[in-house]
Amino acid sequence: MMVQTSGQKILINDQKTAVPLIAFKDINKIYGEGEARVHALNAINLNIYTGEFVAIMGPSGSGKSTAMNIIGCLDSPTSGVYEFEGIEVGNLNRYQRALLRRNYLGFVFQGYNLLARTSALENVELPLIYKGIARDERRQRALEALDKMGLKGREEHTPSQLSGGQQQRVAIARAIVTRPNVILADEPTGNLDTERSKEIMEILKKLNEDDGITILMVTHEPELAVYANRHIDFRDGIIESDSQCKREG
Amino acid sequence: MFFETLRLAIQAIISNTMRSFLTVLGVIIGVAAVISMVTVGQGSTDQVEANVASLGTNLLMISSGRGGGPNSAGGGGTSFKLKDVDAIEDQIAKIQSAAPSSSSQVQVIFGNNNYSSSIVGTDNRYFIVRDWDLSSGREFYESEIRSGTSVCLLGQTIREELFGSGNPLGETIRLKNASCKIIGVLEEKGASSFGNDQDNVILMPIKAFHRRIAGNQDVTMIYATVRDGISTDKAKTEIENLLRERRRITTDEEDDFDVRDMKQMATMMTSVTGVLTGLLSSVAAVSLLVGGIGIMNIMLVSVTERTREIGIRLAVGASEQQVLMQFLVEAVVLSIIGGVLGIVLGLLLAYAGSIWLSIPFSPSLSIILYAFLFSAVVGIVFGYFPARRAARLNPIDALRYQ
């Protein structure tokens, strides 16, 4: 399988001939008009397969977060085709895209994005409410997810009563409680110190290895990228390099 | 799913106590202001209508000369005579009873006390047409009316002024140059709708009045009551025709008398209180607007936080409809809580006001509904539309909203 990137040809994963989980075909994203026009993504082609742990890196403004948001159906491309499991997302209506987020994707944000003044348990239950899961099962699954994140005993704490690392673990619990195929983590450790960052990375790695969840993580810290098995570097709206690598540790 | 939405909405209301409280407060102020003001306005209208009704709604007041209030002697036209009164009563079947009335303001003296009062010459039909009972003593005897014996009945005000707690029956008072023996006391009637004291009155047989007070045979005013179930308008027309004939007024001349219908008076008074109610209502409308602006402010100020909240909800898989339904339910719940509290508070204020102003407490269901609906609409519009705008953004724009 060949991927064309900025003049380089890189061979990736040639055993996988199945439909990619995520496929970008000539994706462009342009913000603003006239003088303020920014070409955030410039004809990006990218395939991501089930089970990968992808670290997306690059300096600020390189387009990495934009790519992430388009993958997460939080944003739409200006042009190009985005396929999720072979389905063209551009053809889906708003409701179908909500279903895609609800059933296949889990988000972890740099700023945690938990509901303020709402308990950890209620935050984790939220996606299950929208999924229409009955109350008892919902509670059960939310408690399990929190337990898995090492937050037993903190269920009734509101975000302001939790540390940054704990808040991010609540957010991860919220992301995995729906048993998604993909977790999209946009600088998940951006607000955390080294120790907490390692904790979060270990959790993501475990989810990838044990539960087979595909993980896409945006980061600009190279030392965290070592947890991933594929590195994609963005620069000025194009993919500068895309490499498989052995995981360390 | 509805219960889940309701649960989400209630959870959001509880976790944002201050915002919810301020929104509810806006609704309470608006609804309570409108209900209390309009209810007080309605109460004073009812009060005036009750005053007019105390004169009798089937009462016609016939005075000579055009214009002038019901208590003025009228002027210009020739006064009526006692025969006119009898003619109205006898010849118009629609009239139940008619009573003559001539009055004069005189100084009344008893012992060392004296007081200015209105002395009215009339007969026993006066008690019927004015719907006025005695608190003690008796009405005139036929013989006293026929011969014009100098006997009289006192209103409560003049009785109080001259006799205090003493018994006036059998005493003799002096009016102008005449003296007069008291045979009865009238019940209290209260102030008229024009504010004059109806109880400052002395009644005596009209012939005695003519001879001893007025020195003429004039009847300045005729009170007539229309039989039950008969239109006062029709009776009025018949009286006008009869009097025109008796007074030989040709077809091209105008009436030189005036027949006044209590319904006309009621209409006049109601228009006065209507102005009052209108004034109170506009104050109330301003309160409602202020309450509405309060709600609007809370909603707009919280839009940043709420837009981010909507972004989070969309990111974790909520559909636009689920988010909107939650916000709608939230706005409805807050509006209902505020509306119910506002109705209770408004009615309490109106009740206190009605006691303080001694007017009837007359809550109106339609005003309660209007005030409630207005606040609900404001609450829902300002709760729902910012949310709708936010829910239609790209989720990432909602999440990053500053």
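Looking across the stretch B:96-117 at every residue that is of a type in the set (A, V, I, L, M) and touching a Ser or Thr at 6+ places or on another chain (Cβ under 7 Å), the one that is farthest from B:L59 (Cα to Cα) is identified as B:V108. Within the stretch B:128-144, can one find any residue that is assigned to a helix (DSSP H, G or I) and under 21 Å from B:A191 (Cα atoms)? Yes, the conditions are met somewhere in the stretch B:128-144.
B:I62 fulfils the conditions (1) modelled with pLDDT of 85 or more; (2) assigned to a helix (DSSP H, G or I); (3) out of contact with any Leu (no Cβ under 7 Å at 6 or more places or on another chain) except for a single criterion, (2). Which of the residues that make up the stretch B:298-325 are at the interface with chain A (Cβ under 8 Å from one of its Cβ atoms), over 12 Å from A:L114 (Cα atoms), in contact (Cβ under 8 Å) with a residue 40 or more places away in the chain and open to solvent by less than 10 Å² (accessible area, probe 1.4 Å)? Within the stretch B:298-325, just B:L314 meets the criteria.
Filtering the stretch B:189-216 to residues that are more than 29 Å from the chain's Cα centre (by Cα), of a type outside the set (G, A, S) and either within 22 Å of B:L60 (Cα to Cα) or not in a loop (DSSP other than H, G, I, E, B) (or both) leaves B:L203, B:M204, B:P205, B:I206, B:K207, B:F209, B:H210, B:R211, B:R212, B:I213.
Which one is nearest to the other protein chains (Cβ to nearest Cβ), of the residues in the stretch B:21-49 that are within 27 Å of A:T158 (Cβ to Cβ) and buried (at least 20 other Cβ atoms within 10 Å of the Cβ)?
Checked the stretch B:21-49; the qualifying residue nearest to the other protein chains (Cβ to nearest Cβ) is B:T23.
Of the residues making up the stretch A:187-238, those that are of a type in the set (A, V, I, L, M) and either within 15 Å of A:E52 (Cβ to Cβ) or touching an Asp or Glu at 6+ places or on another chain (Cβ under 6 Å) (or both) are A:L204, A:L207, A:I213, A:I215, A:L216, A:M217, A:V218, A:A225, A:V226, A:A228, A:I232.
Yes/no matrix, rows are residues, columns are (1) surrounded by fewer than 18 Cβ atoms within 10 Å (Cβ to Cβ); (2) touching a strand residue (DSSP E or B) at 6+ places or on another chain (Cβ under 9 Å); (3) closer than 30 Å to B:S143 by Cβ:
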{"site": "B:F163", "(1), (2), (3)": "no, yes, yes"}
{"site": "B:I202", "(1), (2), (3)": "no, yes, yes"}
{"site": "B:T220", "(1), (2), (3)": "no, yes, yes"}
{"site": "B:S231", "(1), (2), (3)": "yes, no, no"}
{"site": "B:R244", "(1), (2), (3)": "yes, yes, no"}
{"site": "B:T251", "(1), (2), (3)": "yes, no, no"}
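No other residue among B:Y370, B:Y351 is among the aromatic types (F, W, Y) and modelled with pLDDT under 90 apart from B:Y370. A Cβ distance below 8 Å, combined with a sequence gap of six or more or placement on separate chains, defines the contacts here; from the stretch B:123-144, residues that are surrounded by 14 or more Cβ atoms within 10 Å (Cβ to Cβ) reach residues that are among the hydroxyl-bearing types (S, T, Y) and part of a helix (DSSP H, G or I) in the pairs B:D131/B:S54; B:W132/B:Y126.
In summary, B:V329 fulfils each of the numbered conditions (1) more than 14 Å from B:I10 (Cα to Cα); (2) part of a helix (DSSP H, G or I); (3) open to solvent by less than 40 Å² (accessible area, probe 1.4 Å) with the single exception of condition (1). Does B:V275 satisfy the condition of being aliphatic (A, V, I, L, M) and more than 18 Å from the chain's Cα centre (by Cα)? In short, no. Being out of contact with any Phe, Trp or Tyr (no Cβ under 6 Å at 6 or more places or on another chain) and free of Cβ contacts under 8 Å to residues at least 24 places away in the same chain is a property that A:E187 lacks.
Would you pick out the residues in the stretch B:254-296 that are open to solvent by 50 Å² or more (accessible area, probe 1.4 Å), under 30 Å from B:T232 (Cβ atoms) and not aliphatic (A, V, I, L, M)?
B:E254, B:R260, B:K263, B:Q264, B:T267, B:S271, listed by residue number.
Look at A:Y95 and say whether it is in a helix (DSSP H, G or I), facing another protein chain (nearest Cβ under 9 Å) and open to solvent by 60 Å² or more (accessible area, probe 1.4 Å). Considered against the rule, which asks whether it is in a helix (DSSP H, G or I), facing another protein chain (nearest Cβ under 9 Å) and open to solvent by 60 Å² or more (accessible area, probe 1.4 Å), A:Y95 comes out as yes. Only one entry of B:S364, B:S358 meets the criterion of being polar (S, T, N, Q), open to solvent by 50 Å² or more (accessible area, probe 1.4 Å) and within 18 Å of the chain's Cα centre (by Cα), and that entry is B:S358. Residues of the stretch B:359-366 include at least one that is part of a helix (DSSP H, G or I) and either within 14 Å of chain A (Cβ to nearest Cβ) or closer than 30 Å to B:T273 by Cα (or both). Within the stretch A:104-111, is even one residue more than 12 Å from chain B (Cβ to nearest Cβ), farther than 25 Å from A:V19 by Cβ and out of contact with any His (no Cβ under 9 Å at 6 or more places or on another chain)? No, there is no match, as no residue in the stretch A:104-111 is more than 12 Å from chain B (Cβ to nearest Cβ), farther than 25 Å from A:V19 by Cβ and out of contact with any His (no Cβ under 9 Å at 6 or more places or on another chain).
Taking the stretch A:146-180 as the range and being out of contact with any strand residue (DSSP E or B) (no Cβ under 8 Å at 6 or more places or on another chain), within 12 Å of another protein chain (Cβ to nearest Cβ) and among the small types (G, A, S) as the test, the residues that pass are A:S160, A:A173. Quick check on the stretch A:110-132. Is at least one of its residues in contact (Cβ under 8 Å) with a residue 24 or more places away in the chain, open to solvent by 50 Å² or more (accessible area, probe 1.4 Å) and within 24 Å of A:D211 (Cα to Cα)? Yes: the stretch A:110-132 contains one or more residues that are in contact (Cβ under 8 Å) with a residue 24 or more places away in the chain, open to solvent by 50 Å² or more (accessible area, probe 1.4 Å) and within 24 Å of A:D211 (Cα to Cα). Only residues that are in contact with a Gly (Cβ under 7 Å, 6 or more places away or on another chain), hydroxyl-bearing (S, T, Y) and not in a helix (DSSP H, G or I) were counted in the stretch B:1-57, giving 0. Close Cβ contacts (under 6 Å, 6 or more residues apart or on different chains) running from residues in the stretch B:375-402 that are within 13 Å of chain A (Cβ to nearest Cβ) and farther than 17 Å from B:Q326 by Cα to residues that are open to solvent by 70 Å² or more (accessible area, probe 1.4 Å) and in a helix (DSSP H, G or I) comprise B:Y401/B:R308.
The values are calculated or read from the model by the stated rules, or taken from the named source; none is laboratory data. Owing to the predicted nature of the structure, the values given are computational and were not obtained by experimental measurement. A quick note on method: Cβ atoms are made from the backbone with ideal geometry, for glycine too, and the neighbour counts reach across all protein chains shown. Only protein heavy atoms, including side chains, enter the accessible area calculation; ligands, DNA and RNA are left aside. Shrake-Rupley method; radii C 1.70, N 1.55, O 1.52, S 1.80 Å.
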